[in-house]
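What follows is a short report on a single structure.
We did not get these values from a lab; they are worked out from the coordinates using the rules stated. No experiment lies behind these values; they were computed from the predicted model shown. All Cβ positions, even for glycine, are placed from backbone atoms using ideal geometry, and neighbour counts span all protein chains on display.
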Amino acid sequence: QKEVEQDPGPLSVPEGAIVSLNCTYSNSAFQYFMWYRQYSRKGPELLMYTYSSGNKEDGRFTAQVDKSSKYISLFIRDSQPSDSATYLCAMNQAGTALIFGKGTTLSVSS
Amino acid sequence: NAGVTQTPKFRVLKTGQSMTLLCAQDMNHEYMYWYRQDPGMGLRLIHYSVGEGTTAKGEVPDGYNVSRLKKQNFLLGLESAAPSQTSVYFCASSYSSGAAGMNTEAFFGQGTRLTVV
């Protein structure tokens, strides 16, 4: 079993929809959880960062971490065509490199 | 502020040729990483460095070597390129992946598209 599992999609939604993206992981030592957004032919860029469990909100984006279930989520409210990208979850523990999920490709149609 | 810069952006190699990919960061980051990204495989860690003069193997290190002679540079070498090394290579850097609460955000370069024929 890979350390981080993420459904690659693709996921297609209409503009204005609420999008839910998820990752599961197997290493209970992971403490830092991130979501990166990657546009086509570009490098990934950090979207959300969470340390340990809980929720974090930034505008239309909400990140949730449930360490008891080893499950993290990213919610996008009022999705826009500009949100069309690949979303990668990433996580690590202190002193180790980031481990990424395979990424979920999202398409938002206007 | 340039951030993370990768050179070259594109390259085509013949099987058996060697090359070096250069990554430079101007953020004084301690940690630097090389990842490869393949369709359906996500980002996989090749090698990483926690500081000048130190390197460590990642998930897929075979066929690659790295060096971190200067803090701001991280080089990825392919000694004898193989078609299986056709991929998009990303370099990243971060302040640390360390103490509780410290920001471990990794900043990525724009990638190098390598084709081995």
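A cut-off under 15 angstrom between Cβ atoms defines the neighbours of B:Arg36, and their net charge, with Lys, Arg +1 and Asp, Glu -1, is +2. Counts of other chain beta carbons within 10 angstrom of each beta carbon in peptide B:34-45 average 5. Cβ crowding within 10 Å, taken as a proxy for footprinting-reagent exposure, orders B:Met32, A:Met91, B:Met27 from fewest neighbours to most as B:Met27, A:Met91, B:Met32. Amide H contacts of A:Gln31 (H built 1.01 Å from N, in plane; Pro and chain starts excluded): A:Asn92, A:Gln93, A:Ala94 sit under 5 Å, all sequence-distant by 5 or more or on other chains. For the cross-link pairs A:Lys102/B:Lys57; A:Lys2/B:Lys70; B:Lys9/B:Lys57; A:Lys2/A:Lys102; A:Lys102/B:Lys70, which exceed 22 Å when the distance is taken from alpha carbon to alpha carbon? As for pairs spanning more than 22 Å Cα to Cα, those are A:Lys2/B:Lys70; B:Lys9/B:Lys57; A:Lys102/B:Lys70.
Averaged over every viewing direction, what's the projected area of the C-alpha convex hull for the protein assembly as shown? Give it in nm², one decimal, please. Provide the component values of the computation, followed by the final result.
On the way: hull surface 49.5 nm².
So the mean shadow area of the Cα hull is 12.4 nm².
With the contact rule set at Cα under 8 Å and sequence spacing of 6 or more, what percent relative contact order holds for chain B? Averaging sequence separation for qualifying contacts and normalising by length gives 34 percent for chain B. Of the residues B:Ser80, B:Ser49, B:Ser67, the one whose Cα sits farthest towards the positive end of the charge dipole of region B:8-103 is B:Ser80 (charges of +1 on Lys and Arg Cβ, -1 on Asp and Glu Cβ, taken about the Cα centre).
Mean partner shielding of peptide B:87-95, defined as the number of other chain Cβ atoms within 10 Å of each residue Cβ, is 2.
Using a Förster distance of 35 Å, how high is the FRET efficiency between B:Phe10 and A:Ser68, based on the Cβ-Cβ distance and rounded to 0.05? That pair, B:Phe10 with A:Ser68, gives E of 0.15. Scoring B:105-115, A:6-16 by mean Cβ neighbours within 10 Å over their residues and listing the highest first yields B:105-115, A:6-16.
Remark: the Cα gyration tensor places region A:40-110 in the oblate category, a/c being 1.5 or greater and a/b not exceeding b/c. Sorting the segments A:31-43, B:9-21 by their mean number of nearby beta carbons within 10 angstrom, highest to lowest, gives A:31-43, B:9-21. Shielding of peptide A:26-37 by partners, expressed as the average count of other chain Cβ atoms within 10 Å per residue Cβ, is 2.
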